[in-house]
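Take a look at the structure set out below.
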Ligand code: GLA
């Protein structure tokens, strides 16, 4: 069931009627954003990640059309109306255009499942854009769910997660599969360990007194904009580091992936091997991927055991690794992490691809108030603007995955 509140729903319905006129919309698709708790920049290396869906989501009110046309309106005035035709090859809008995320889903579905029925649709999002909370994949997933429903088709969820992960590469970022998988497969009250090759989701209940506070650095991190090239470069370096290490291993131990490497050798041995075989900056990239790969199972176990101190320590280590070895942090994110820690959080780290966007910090029911206050003060002291609280500073609620209902 979507978390859409009645007022927002009325707003969507009014926008739909004004834009497209009668008859009324038929369906409401929804897909959540996510906060990644640990396992950053490792999904494309085939290693597990540990995100949870959040209460912020993309909702699409739609009705099927008889032809191949997709007409889109957006509740946010910054994102203008778009119209395109469905097909196996859909030309892109210029880089950074919001309509490309709908086109990504449409082209991916048309190629694989032959979906050819267009929609009239109003899109509305409460996931802050370019914040590292996966607003773009939420658009992709909500669009896919709406287009499939309009076509009267259903696709097995794991197949759809994988199809949409490759479909989103349409925008030019060589992302992994975390965001699409969690948006579709999240379970309310839980974080999910996601394994790749084969794709698997394993939920762990978030302990009732744990609170994950999300705070935006106000530095935009746009997946299809400035952060795209830096992201793709990290992925390339991560692949080069693997190839360089694998090539030096005896034939019998030669690994084709980071998962193979970690299965064959303990992380400490791999790190020593990296030290011997790699030069900068590949050495540092390798160190991040291998150490983060080892932190994820430890963090999952810590959550299952209700051990906030260990989970927090792993988050701190993850942030240091992303800052120093993977070099995807920035001064604003580092500052927020320090503020959250000083105010009593058990741990804090940047979340998502970095280069701006948000931090996530682990608090208890007891410390959460102080951490929220300290972070809010930082906004007032510096880069403040109205409405910042709630949209950009909030306690993330572990939420359920995408779906569609009759309008
Ligand atoms: C983006 C990508 C994900 C993942 C994260 C970093 O959100 O879409 O696949 O790589 O960055 O962990």
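Where a number appears in this text, it was derived from the coordinates with a stated rule and is not lab data. Please read these numbers as outputs of a predicted model, since none were measured by experiment. Positions of Cβ are generated from backbone atoms using ideal geometry, with glycine treated the same way; all protein chains shown enter the neighbour counts.
What FRET efficiency would be calculated for the residue pair residue 230, residue 200, taking the C-beta separation as r and a Förster radius of 51 Å, to the nearest 0.05?
Values: r = 29 Å, r/R0 = 0.58.
FRET efficiency, residue 230 to residue 200: 0.95.
At 7 Å along the Cα-to-beta-carbon direction for both residue 78 and residue 268, put a label point, then send me their distance in nm to one decimal.
In this crude label model, residue 78 to residue 268 measures out at 4.8 nm.
Report, in degrees rounded to the nearest 10, the 0 to 90 angle that the Cα long axis of helix 282-304 makes with the longest principal axis of the chain.
Its long axis makes an angle of about 80 degrees.
Residue 364 versus residue 260, label points 7 Å from Cα toward the beta carbon: distance in nm?
Placing both labels 7 Å beyond Cα along the Cβ direction yields 4.5 nm.
I'd like the distance between the alpha-carbon centres of the stretch 135-154 and the stretch 229-264, rounded to an integer number of Å.
Cα centroid of the stretch 135-154 versus Cα centroid of the stretch 229-264: 34 Å apart.
Within the stretch 241-277, list the residues whose amide N lies under 12 Å from a label point set 7 Å along Cα→Cβ of residue 298.
267-268
Counting only helical runs of four or more DSSP H residues, what would the 222 nm mean residue ellipticity of the chain come to if each run contributes -39,500 (n - 2.57) and the total is spread over all its residues? Let's see the in-between values first.
Values: 13 runs with 172 residues, N = 407.
The per-residue figure over the chain is -13500 deg cm²/dmol.
Which of rounded, prolate or oblate describes the stretch 107-167 when judged by the alpha-carbon gyration tensor and an a/c cut-off of 1.5? Don't jump to the answer; show the numbers that get you there.
Working: a/c = 2.37, a/b = 1.44, b/c = 1.64.
Oblate, since a/c reaches 1.5 and b/c is not below a/b.
For the chain, take the longest principal axis of its alpha carbons; what is the angle in degrees between that and the long axis of helix 99-113, to the nearest 10 within 0 to 90?
90
Rounded to whole Å, give me the distance from the Cα center of the stretch 18-72 to that of the stretch 170-225.
Between the Cα centre of the stretch 18-72 and that of the stretch 170-225, the gap is 13 Å.
How much length, in nm to one decimal, is gained on full extension between residue 69 and residue 88, taken as 0.36 nm per residue of separation minus their Cα-Cα distance? All intermediate terms of the calculation are to be shown ahead of the outcome.
Numbers: separation 19, 0.36 × 19 = 6.84 nm, distance 1.34 nm.
Length gained, residue 69 through residue 88: 5.5 nm.
Once you order the gyration tensor axes a ≥ b ≥ c over the Cα atoms, which shape class does the stretch 191-276 get: rounded for a/c under 1.5, otherwise prolate or oblate by comparing a/b with b/c?
Numbers: a/c = 2.32, a/b = 1.40, b/c = 1.66.
Taking the square roots of the gyration eigenvalues as a ≥ b ≥ c, the stretch 191-276 is oblate.
For the pair residue 305/residue 334, report the inter-label distance in nm, with labels modelled 7 Å from Cα in the Cβ direction.
3.2
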